[in-house]
Amino acid sequence: MASRKKKGMHWYRMDLHIHTPASADYQEPSVSYLDILHKAELRGLDIIAFTDHNTVAGYAAMMREIEQLDYLERLGRATPEESRLLAEYRRLLERILVLPGFEFTATFGFHILGIFSPRTPIRQLEHLLLSLNVPVEALDRGITEVGASSDVLTAYRGINQAGGICIAAHVNSSHGVAMRGFDFGGQTKIAYTQDPNLHALEVTDLTSRSRTATARFFDGTKAEYPRRMRCIQGSDAHRLNMQGDRASKNVMLGVGDRVTEVLLPERTFEALYEMFRSNDFSRTRAYSAKPLDYVQSAREAGASLVQSFHEAMTQRGGHLYSIVADVCAFANTNGGTVYVGLSEDKNKPPVGIPNPQESIDLLRETISRKITPPLDVDIDALETLGQTVIRIQVPRGQDRPYAIDENKIYLRDESETTLAVRDEIVNLVRQGLGLTAKPETEPDQASAAETSASPEITALETTRPAAGPPLAGVEIVGVEQKGDTRYYTMHDLRNGNMVKNVTRMSARKLWHYAITQFESNPVDESRVVWQGDYGLWQSYRRAGEMRYDLVQRTENGVRTYYGVTEGGMHGPWQAFLVPENEEEDSGGGLGS
């Protein structure tokens, strides 16, 4: 069992990406809307959405057919066949929640799903599409090519403001906002996947356990992508039944061939809407005959920037304080989840919590008493491998910095919780005051957090590869010798912070690595692998992930960026990415 069901909560199967004959590229134009509903019932679906290309004509046609049959019945003029059809529609619509929606084609061909309540007037949805510059011809014919439509962020905002669920469609494949190999700026990709009006990402590899799986990339562990994104899957069905081999790249999925399960109190749009806006990511999972153990899945990912594990919560030994310190650190960083009652070792049986409600009450009271300003966290109990454990979900704090006992300020640095240093505290205060902390040496380089909140991305920024530093890693921008000690100024590219007076002894993991490399393995430009002014010094693997030490020629000299992750390598930097099938041999030699 993945988790303890909350009272009255049930798992429902949904496919929110289904086309109908109203899409011009539908492969079986003779299929009826009743056929689609029958297929959804056969696949065990509870919730579906009709999402035709740039139109709601399919859903509207089905509702007109039902209204006409109902009208004939009320007049007493329905034939036996018409009465049978109406009864079948009523039975199926009682069994399946069918939602109106569309798949909008934004500027540069990106696809976005908008899902709405059945009570939303069709005219309102058509007006929304027209306001997004969908031409009338596309609205009538359901075609994908719509010319100069609105940009991605405008579409997100419009769908959200209209009360819809906004989902970026098949983000990791063609027409997706996060597809690999599409040469647009890293800042733009951050905005397109982190925008607050976007509620979820639809991915085609939700069941993948690969370290490069899309859901893993957007799980909040990448500091340049600080907002964890809910990932779901849908069939994108353009026919009733699958055509081709599922393992083939040319397979065409049918209704319900990729299904997501959702945990809801009731099968309504309102409940679904609330779930998509919640921070409880255990309420969605890929449908499988064997339900996912959400906690065990988290253990397989291990401790990270956004999750930690504690076997005990006793005050003796400092276990309870360590939990509270993690809560404080997550609130000051990107938010996260603390699991109590098990270690991060996925092979070690969980010890569990014997009195979960008492423990939840103690945790809630301790967090409330020790952390200031007040911080709202969600605490509940889950079951995993036959044991009950506790989960604390911590939001990214809106009133930072948060402190324990009014004076101890913690941050999360990859998989560790550490006390913040002076300059980090200053940056937290600035953030709490709504000020922006930009690196002194990069006045024009926006941080990842700034970009994700940016309301507009221009066409020029979208089409031109971004220059400048990568969006991850760390750069040493200054060093000063005082007596026997060197003091470094670190530019942390993950969050834009500039931190002074860092010593080799006080440095955190990535900072320590950069300082060690700076002192013992200085860059030799003649041995750098260059692509124009961009260069690779070395690559290496850390914690199962490839990292890169990169070099850039500028007017002011050569700059070095240490420990850059794949997510931070935008534009010209992507030329140095090591293909996944070659990573085993990329051991970290110079220029490797």
Checklist entry - Can you tell me how many residues in region 320-357 are free of Cβ contacts under 8 Å to residues at least 40 places away in the same chain and under 18 Å from ASP378 (Cβ atoms)? => result 2
Next on the checklist: With the structure loaded, tell me whether VAL377 is under 26 Å from THR221 (Cβ atoms), in contact with a Ser or Thr (Cβ under 8 Å, 6 or more places away or on another chain) and either surrounded by fewer than 18 Cβ atoms within 10 Å (Cβ to Cβ) or at pLDDT 90 or above (or both) or whether it fails that test.
Outcome noted: no
Item to check | Only one of ILE18, ILE47, ILE96, ILE112 that is within 22 Å of GLN243 (Cα to Cα) and in the same structural domain as THR204 (by TED's automatic domain parsing) | outcome: ILE18
Checklist entry - From the residues in region 45-85 that are surrounded by fewer than 20 Cβ atoms within 10 Å (Cβ to Cβ) and closer than 29 Å to ASP257 by Cβ, which one is nearest to the chain's Cα centre (by Cα)? => result ALA60
Checklist entry - Which one is surrounded by the most Cβ atoms within 10 Å (Cβ to Cβ) among residues in region 190-208 that are of a type outside the set (A, V, I, L, M) and in contact with a Lys or Arg (Cβ under 7 Å, 6 or more places away or on another chain)? => result HIS199
Checklist entry - If you scan region 238-296, which residues turn out to be within 30 Å of LYS348 (Cα to Cα), of a type in the set (Lys, Arg) and over 21 Å from the mean Cα position of the chain (by Cα)? => result LYS290
Checklist entry - Right, GLU300: more than 27 Å from GLN431 (Cβ to Cβ), touching a residue at least 60 places away in the same chain (Cβ under 8 Å) and either within 29 Å of the chain's Cα centre (by Cα) or not in a loop (DSSP other than H, G, I, E, B) (or both) or not? => result yes
Next on the checklist: Please verify whether LEU153 is surrounded by fewer than 22 Cβ atoms within 10 Å (Cβ to Cβ), under 27 Å from GLY496 (Cα atoms) and among the hydrophobic types (A, V, I, L, M, F, W, C), treating the condition exactly as stated.
Outcome noted: yes
Next on the checklist: Please count how many residues of region 392-427 are more than 19 Å from LYS370 (Cα to Cα) and not polar (S, T, N, Q).
Outcome noted: 8
Checklist outcome for this item: Going through region 47-85 in order, the residues found to be in contact with a His (Cβ under 7 Å, 6 or more places away or on another chain) and either polar (S, T, N, Q) or modelled with pLDDT under 95 (or both) are THR51
Next on the checklist: So, in region 473-489, how many residues would count as being among the hydrophobic types (A, V, I, L, M, F, W, C) and in contact with a helix residue (DSSP H, G or I) (Cβ under 7 Å, 6 or more places away or on another chain)?
Outcome noted: 2
Checklist entry - For residues in region 248-300 being among the aliphatic types (A, V, I, L, M) and surrounded by fewer than 16 Cβ atoms within 10 Å (Cβ to Cβ), which is farthest from SER173 (Cα to Cα)? => result ALA289
Next on the checklist: Could you list, ordered by first residue, the pairs with Cβ atoms under 7 Å in which the first is in region 141-157 and farther than 22 Å from ASN197 by Cα and the second is in a helix (DSSP H, G or I), at least 6 apart or interchain?
Outcome noted: GLY142/ALA57; VAL146/ALA138
Checklist entry - From the set of residues in region 343-374 that are closer than 24 Å to ILE404 by Cα and among the aliphatic types (A, V, I, L, M), which is surrounded by the fewest Cβ atoms within 10 Å (Cβ to Cβ)? => result LEU362
Checklist outcome for this item: Among strands (runs of 3 or more DSSP E) entirely inside region 474-550, those with 1 or more residues being at positive phi and in contact (Cβ under 8 Å) with a residue 40 or more places away in the chain are 498-502
Checklist entry - Restricting attention to region 315-324, does a residue exist that is in contact with a helix residue (DSSP H, G or I) (Cβ under 6 Å, 6 or more places away or on another chain) and more than 25 Å from ILE165 (Cβ to Cβ)? => result yes
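Let's see how each residue does on (1) assigned to a loop (DSSP other than H, G, I, E, B); (2) under 30 Å from ILE425 (Cα atoms); (3) within 24 Å of the chain's Cα centre (by Cα):
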{"site": "PHE330", "(1), (2), (3)": "no, yes, yes"}
{"site": "VAL338", "(1), (2), (3)": "no, yes, yes"}
{"site": "LEU342", "(1), (2), (3)": "yes, no, no"}
{"site": "ASN347", "(1), (2), (3)": "yes, no, no"}
{"site": "VAL351", "(1), (2), (3)": "yes, no, no"}
{"site": "THR366", "(1), (2), (3)": "no, yes, no"}
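The values are calculated or read from the model by the stated rules, or taken from the named source; none is laboratory data. Computed from a predicted structure; not experimentally measured. Quick reminder, even Gly has a Cβ in these numbers, built from the backbone with ideal geometry, and neighbours come from all protein chains shown.
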